[in-house]
1. If you check Thr152 against the conditions, is it β-branched (Val, Ile, Thr), assigned to a loop (DSSP other than H, G, I, E, B) and on the phi < 0 side of the Ramachandran plot?
2. Could you please give the count of residues in the range 124-138 that are within 25 Å of Leu82 (Cβ to Cβ), open to solvent by 10 Å² or more (accessible area, probe 1.4 Å) and either touching a helix residue (DSSP H, G or I) at 6+ places or on another chain (Cβ under 8 Å) or within 14 Å of ligand 1 (Cβ to nearest atom) (or both)?
3. Could you look through the range 71-93, keep only residues that are exposed (fewer than 11 other Cβ atoms within 10 Å of the Cβ) and among the β-branched types (Val, Ile, Thr), and pick out the one that is farthest from ligand 1 (Cβ to nearest atom)?
4. Just to be sure I understand the filter: pairs with C-beta atoms under 7 Å, separated by 6 or more residues or on different chains, first member in the range 70-98 and more than 27 Å from Pro201 (Cα to Cα), second member assigned to a helix (DSSP H, G or I) and within 16 Å of ligand 2 (Cβ to nearest atom). Which pairs pass?
5. Check Gly60, Gly11, Gly32 and return the single one that is within 14 Å of the chain's Cα centre (by Cα) and on the phi > 0 side of the Ramachandran plot.
6. In this structure, does Lys141 turn out to be without any contact (Cβ under 8 Å) to a residue 24 or more places away in the chain, in contact with a helix residue (DSSP H, G or I) (Cβ under 7 Å, 6 or more places away or on another chain) and either in a strand (DSSP E or B) or surrounded by fewer than 17 Cβ atoms within 10 Å (Cβ to Cβ) (or both)?
7. Kindly provide the set of residues from the range 66-98 that are part of a loop (DSSP other than H, G, I, E, B) and β-branched (Val, Ile, Thr), ordered by number.
8. Please enumerate the residues belonging to the range 10-40 that are touching a residue at least 60 places away in the same chain (Cβ under 8 Å), more than 10 Å from ligand 1 (Cβ to nearest atom) and either in a loop (DSSP other than H, G, I, E, B) or under 22 Å from Leu203 (Cα atoms) (or both).
Amino acid sequence: MFTAIIFDLDGVITDTARYHYLAWKRLAEGLGVPFDEAFNEQLKGVDRMGSLDLILKRGGLDPALDERLRLADRKNDDYRQLVATMTRADLLPGALNALESARAAGLKVGLASVSKNAGTILERLGITTYFDDVVDANLIKRGKPDPEIFLTAAQKLGAAPAACIGVEDAAVGVQAIKSAGMLAIGVGDPVILGQADRVVPSLDGFDLAAFLKEMATRR
Ligand code: G6P
Ligand code: MG
């Protein structure tokens, strides 16, 4: 029996993944580091400084910490400008339905996002009240693929990891869910998210109630 469901934010609930991409691309190309969708896949789900380090490594750059912090701030300023105009219309198709179905099924609902902007984004989308608990980068030491963020969310929701479902669009995120001992739903490309227990192209049309029923008959 599942008692909780824990969602990633960027790329699952809303397409901020697109804005992260645009902001990182601008920064990387400004530094002369080539940046495309394929490389961006490696950044999905990775925290801000970790993402910056991957870009710098790709360009063979190794600036001092104060310069790295300045670069990360510049990216975040661009990103915040891009997300400032978001509204509920920026929810990905099926996201609201999934949140409502989770509630209707009696599941506790959590958020596990390594984004320090997670709270702001939930507010912009007007969906803060759908979550019983939110765990973001401010509450954890290790980012995905470490399971810490999902385990912390489960603990805050009072759910055993084995009774939790995690929903992710990033390969490192699916890895984090599986290392936490949870059931993983991947949203996106089955080639990239192969470790997930189920991969759906989007939450649009995903029937959580039917999925829970199917899982119950398997156990
Ligand atoms: C999410 C995104 C990453 C992003 C990270 C940190 O996990 O998938 O692409 O780098 O959050 O976001 P932040 O808003 O704190 O820079
Ligand atoms: Mg994501």
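The values are calculated or read from the model by the stated rules, or taken from the named source; none is laboratory data. Note that this is a predicted model, so its numbers are computed, not measured. Every residue, glycine among them, receives a Cβ derived from its backbone with ideal geometry; neighbour counts consider all protein chains shown. Protein only, heavy atoms only, side chains kept; ligands, DNA and RNA dropped before computing areas. Shrake-Rupley method; radii C 1.70, N 1.55, O 1.52, S 1.80 Å.
1. Answer is no for this residue.
2. 9
3. Residue satisfying both the conditions and the ranking: Thr87.
4. Ala72/Arg48; Lys75/Ala23; Lys75/Trp24; Asn76/Arg48; Asp78/Ala23
5. Gly11
6. Here the answer is yes, as Lys141 does meet what is asked.
7. Thr85, Thr87
8. Listed by number, the residues that qualify are Ile13, Thr14, Asp15.
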